[in-house]
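Everything below concerns the one structure shown next.
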Amino acid sequence: VKAARQGIYEANIELANDYVHGKGCQKDIEKAISILMPLADSGYTLASNALIDITSSHPDYTSPIPLIARLANRGDVEMIERMINIYSKGEMGEKPDPRKCEEWVVFAAEQGCTEYVETLAQQYEGLNDWDNATRWYLKLQELNPEMDLAAKIDELFTSKCQLLTSDELVHRGNK
C-alpha cells in the first residue's frame, strides 16, 4: 500500500488486483477501477489491460468496449488496435462491422500510426480514389521523411489526370 501511495505503477496494479480478489482487504471492484483508471489514462498499458480484464470478467460490467474506446480515443495505440480487431473480427460479443472498423483505421492513421496510414493509401489507390490515396501517401511521407514517395505521388497525379482526360473524352462523345 505504501508503494502504491508513492505512485509506483506496479504496486498500484497489485493493490487493484488485491481489491478485485479480496486479498487482504474487502473485495471492491469499484476501488480497483478507481486505482487503475488514472494509470490507464496516463498511458500505462498494464493498467489498461487490467481494467479490461476486470470489466470483461466481472458480472456487473456488460462489456469492456466502452472502456477500450475511451482509452483508444485518448491515443493509446494498443487500444486503437483492439478497437480495430473488435470490429474487423467480431470480438467481445460484437459482430464484424466494416464501417466501424474503417472509422478506427482512419482514426489510427490520423493519430500517426504508420501502418494504418500506409494501409489507407494503398486501399484508396486500389479503389482509384486518387485524392484520398495522395492524401495518405503525403501523410506517410510526413511521418517517414526517409521514404521517397515523390514518384508514387507523381504516379497518382498522372493516373488522376488520365482518368479525368478519358472521362472528358467520353463526356464529349455523348454530346
*Among all residue pairs at least 6 apart or on different chains, which show Cβ distances below 6 Å where the first residue, located in segment 104-127, is assigned to a helix (DSSP H, G or I) and the second is among the charged types (D, E, K, R) and at pLDDT below 95?*
V117/K139
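May I ask you to say which residue of K95, K100, K89 is farther than 30 Å from C161 by Cα, exposed (fewer than 15 other Cβ atoms within 10 Å of the Cβ), under 16 Å from the mean Cα position of the chain (by Cα) and of a type in the set (K, R)?
Values: K95 fails: under 16 Å from the mean Cα position of the chain (by Cα); K100 fails: exposed (fewer than 15 other Cβ atoms within 10 Å of the Cβ).
Among K95, K100, K89, only K89 is farther than 30 Å from C161 by Cα, exposed (fewer than 15 other Cβ atoms within 10 Å of the Cβ), under 16 Å from the mean Cα position of the chain (by Cα) and of a type in the set (K, R).
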*Give segment 128-156 a look and list any residue that's assigned to a loop (DSSP other than H, G, I, E, B) and either touching a residue at least 24 places away in the same chain (Cβ under 8 Å) or open to solvent by 90 Å² or more (accessible area, probe 1.4 Å) (or both), or say none.*
N128, N144, P145, E146, D148
*Answer yes or no: is there a residue in segment 54-63 that is at pLDDT 85 or above and either open to solvent by 60 Å² or more (accessible area, probe 1.4 Å) or in contact with a strand residue (DSSP E or B) (Cβ under 7 Å, 6 or more places away or on another chain) (or both).*
no
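Does Q6 fit the bill of being modelled with pLDDT of 85 or more, more than 17 Å from the chain's Cα centre (by Cα) and over 19 Å from Y116 (Cα atoms)?
Values: modelled with pLDDT of 85 or more: no; more than 17 Å from the chain's Cα centre (by Cα): yes; over 19 Å from Y116 (Cα atoms): yes.
Taking the combined requirement at face value, the residue does not satisfy it.
The values are calculated or read from the model by the stated rules, or taken from the named source; none is laboratory data. Since this is a predicted model, take the numbers as computed values, not measurements. When we count neighbours, we look across all protein chains shown, and the Cβ atoms used for this are built from the backbone with ideal geometry, even at glycine. Each accessible area value is taken on the protein alone, full model and side chains, heavy atoms only, with ligands, DNA and RNA left out. Shrake-Rupley method; radii C 1.70, N 1.55, O 1.52, S 1.80 Å.
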